[in-house]
């Protein structure tokens with residue numbers, strides 16, 4: 001049995017008695033993007049549809065409202081981001097076979113200090129993850145604008161930059177996944193979680209990407225079928241948490257072994 005299949009089998013067993021709660025936690029989490037999308041649709045209904053490439057030609061009031069609406073949407077996402085860390089904490093506990101309940105998703109709302117730390121941490125993660133995406137999308141926007149004046153070359157370039165941005169953001173997100181787990185489940189502070197997670201990922205990014213690739217066909221059909229999301233997302237999340245559990249256990253075991261070896265060497269040097 002290959003490693004990915006073993007991890008998925010363990011994840012299924014861990015979820016065996018927790019499916020209904022896992023789906024409930026997912027539904028709670030999905031209320032964030034659905035709420036933001038509803039807000040954007042309402043705003044577009046009020047001010048009228050605005051195309052991004054024509055933003056500069058719009059009236060100042062409509063252009064400002066357009067920007068403010070999107071800033072508000074991002075702010076809502078950030079202010080509710082502790083639900084995501086609670087979501088990861090929930091599946092981290094399942095992966096570690098600990099007792100868990102739906103209320104775990106609200107863990108970081110229980111204390112003002114924890115809430116502020118969670119929002120701060122997720123803000124940094126999202127800025128780092130989507131910074132390069134925004135840079136590529138900015139180039140995409142410029143190319144779309146120029147393509148109207150200079151033909152198809154810039155139109156093709158906009159597609160390339162858009163794809164590169166999405167791929168880069170995807171890879172960077174994987175780089176920070178372990179950091180999010182350490183912060184959410186292991187209660188590391190933000191800086192330590194980010195640095196340690198990056199160090200863990202350095203030699204294990206291939207394993208994480210291979211596991212993601214297994215679920216990729218399922219993810220592709222979600223927009224067309226809808227229902228599998230209630231099965232795929234909990235299953236994929238728990239599988240990644242199981243994988244990260246083994247990666248973190250091996251990482252800290254190696255550190256402990258190195259420290260023990262160093263102590264033995266130092267003891268031998270002192271005795272001699």
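The values are calculated or read from the model by the stated rules, or taken from the named source; none is laboratory data. Just so it is clear, the model here is predicted, and its values are computed rather than measured. All Cβ positions, glycine included, derive from the backbone under ideal geometry; neighbour counts span all protein chains shown.
In this structure, is residue 11 touching a helix residue (DSSP H, G or I) at 6+ places or on another chain (Cβ under 7 Å), buried (at least 16 other Cβ atoms within 10 Å of the Cβ) and at pLDDT below 80?
Judged against the criteria, residue 11 is not a match.
Table: residues versus (1) at pLDDT 80 or above; (2) over 21 Å from residue 176 (Cβ atoms).
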{"residue": "89", "(1), (2)": "yes, no"}
{"residue": "92", "(1), (2)": "yes, no"}
{"residue": "97", "(1), (2)": "yes, yes"}
{"residue": "101", "(1), (2)": "yes, yes"}
{"residue": "110", "(1), (2)": "yes, yes"}
{"residue": "115", "(1), (2)": "yes, no"}
{"residue": "123", "(1), (2)": "yes, no"}
{"residue": "126", "(1), (2)": "no, no"}
{"residue": "130", "(1), (2)": "no, no"}
